Each structure stands twice: as C-alpha cells, then as structure tokens.
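The values are calculated or read from the model by the stated rules, or taken from the named source; none is laboratory data. Note that the structure is predicted; figures quoted are calculated from it, not measured. Virtual Cβ from ideal backbone geometry, glycine too; neighbours counted across all protein chains shown. Just the protein is used for accessible areas: all its heavy atoms, side chains included, with ligands, DNA and RNA removed. Shrake-Rupley method; radii C 1.70, N 1.55, O 1.52, S 1.80 Å.
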Amino acid sequence: MVPVIAFWSLAVLTVGAAVMVVASRNVFHAALFLVASLSSVAGIYLLLNADFLAAVQLLLYVGAIAVMLIFGVMFTRDIVHQNVSNRWWHLALLPAGLLFALLAAAFGGTDWGVREPSTAPTAGPLGDVLFTTYLLPLEVASVLLLAAIIGAIVIAKER
Amino acid sequence: MPGLLDYLFLSGALFTIGLYGALTKRNIVVVLMCIEIMLNAVNIALVAFNNFTPTATPLAGQAFAVFIITVAAVEVAIGLALVIAIYRNRETVDLTKVDAMRW
C-alpha cells in the first residue's frame, strides 16, 4: 500500500512540476519547478532500489545542474518576454502526442521478462561495476569534464 | 506495487513533456531545462529496467544513469556558457531573435 501511494504521489509531483516548467510564465518559477521535479525523481529512484543514484541525483542534478540553471536565469533576465512559446506551439503538439502514443504502444506491447527486484544496497556493487566493467567510460567522463571546464571558461570569459 | 509499466509510462510522459517544451519555448534557458527533463525521463526508464529485468552486468542501468547525469552536467555548463556569450553580444535570449544561421 505504501509503495503505491509513494509512487503515485511522486509521479504526480514529477509530471506536474515538469508541466509547470513548460507552462509557467515566469522563467524563475520554471527553474524552481524544475528543482521540484528533479527532487521527486530522486524519490522515484529510491522506490526503484537505487539508493546511491538517488543521492547522486540530489547532489548533482538538484545541487549543481539546477543551481547552474538558476544562475543562467539570473544572468539573462528577459524582462519583457519571460517564458513564452514560439509560433509553432500548435504544430508541436502533433509530434509530442504521436511520440507518447508510440512509446505507450511499445511499452505496453512488449514482454519485458520481469523478475523479482532485489533490495540490496547499491553503493558498493555500483562502485565495483564502475571501476571494472565501465572503467573506460569513467576515464572518458573525467576527460570530458576537464574539457567542459576549460571550454566553459573560454566561451564565457570577457574579451 | 507499482510495476515496470507504471515507471515506463512515467518516463514516456516526462520525455514527451520535455520534448514539447524544447520545441516550443523561446527562452534558451527554458529549452535547456526541458532537455534536462528529457534526460531525467531516460534515467527513470534505465533504472526501472535495471530494477525489474535481468541485465548482463549487475548494475548496468544505474551505471549508465550515472554517466548520463555526468554528461548532463557537462552539457548544462557549456550551454550556459554559450547563453552568457550570446546575451553579452545580442542582449537577448529569445530564440526567435537569435536565428541568424537559418535561411
């Protein structure tokens, strides 16, 4: 009973906050709704037995990425327009609706081979698999982060 | 108990909302936010599959999700650097006005 209530309240919060990111008039409110959506996604990860990933989501997505986006909103305050849609918003409903219908058909019509989930803690095994099987992507990710730091400084600095 | 399909539909709904926002919004920072929503939708699907279906390596879905979070952080950093450079040169972050590469 409790997982069902938890899932549906988190799902409603995630989707509702995502809709408000798109729909709210004020860009700063959209950034705050994004923070709410990302935080409830961390709750979804806890329901999916991904305890370490939930902590990583809160640290990185909410604590770093959303904060960077709020910085971006503050630096580029668009006083006149704020958060409005461009002139093709009617047309964009079509591919969005078609995509959701296609995803729903694909998800519902496939036999996924569901088995019983395991509730073991994941921090240790995730560290094991990241440093053995996925060592190369890990090193490439660190080089990517270095390149991003240098690139962001070069792009955004004053002449 | 919520099953795999519930999480997959949540992921699909989030991805569709993010896609609609990325296609229709005029503010560059809001488009970046909608891209983050789409990446989160994919992460939810990956972790749901990792939880409910057997995988070749033990925590493949969660490892993949960690890398997606890393790349998302990188992409937001570079994207906001570009936004700052655009704002410094054009005084606007309205995508309908920063379209000089189109015909």
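Picking from residues in the range A:48-66 that are more than 8 Å from chain B (Cβ to nearest Cβ) and not hydrophobic (A, V, I, L, M, F, W, C), the one that is nearest to residue A:124 (Cα to Cα) is A:51.
Scan the range A:17-26 and tell me whether some residue there is touching a residue at least 40 places away in the same chain (Cβ under 8 Å), within 20 Å of residue B:15 (Cβ to Cβ), under 13 Å from the mean Cα position of the chain (by Cα) and assigned to a helix (DSSP H, G or I). No, that holds for no residue. Pull up the range A:119-155, narrow it to residues that are at the interface with chain B (Cβ under 8 Å from one of its Cβ atoms), in a loop (DSSP other than H, G, I, E, B) and not aromatic (Phe, Trp, Tyr), then point me to the one that is most open to solvent (accessible area, probe 1.4 Å). Among those residues, the one meeting the criterion is A:133. When the range A:38-47 is limited to residues that are more than 9 Å from chain B (Cβ to nearest Cβ) and among the hydrophobic types (A, V, I, L, M, F, W, C), the one that is most open to solvent (accessible area, probe 1.4 Å) turns out to be A:46.
The residue that is nearest to residue B:2 (Cα to Cα), among those in the range A:48-65 that are of a type outside the set (Val, Ile, Thr) and buried (at least 22 other Cβ atoms within 10 Å of the Cβ), is A:48. Apart from one condition, residue B:38 fits all of (1) farther than 19 Å from residue A:148 by Cβ; (2) open to solvent by 20 Å² or more (accessible area, probe 1.4 Å); (3) at pLDDT below 95; (4) not in a loop (DSSP other than H, G, I, E, B); the exception is (3). Tell me yes or no: at least one residue of the range A:81-88 is free of Cβ contacts under 8 Å to residues at least 12 places away in the same chain, farther than 22 Å from residue B:16 by Cα and at the interface with another protein chain (Cβ under 9 Å from one of its Cβ atoms). Yes, there is a match, as at least one residue in the range A:81-88 is free of Cβ contacts under 8 Å to residues at least 12 places away in the same chain, farther than 22 Å from residue B:16 by Cα and at the interface with another protein chain (Cβ under 9 Å from one of its Cβ atoms).
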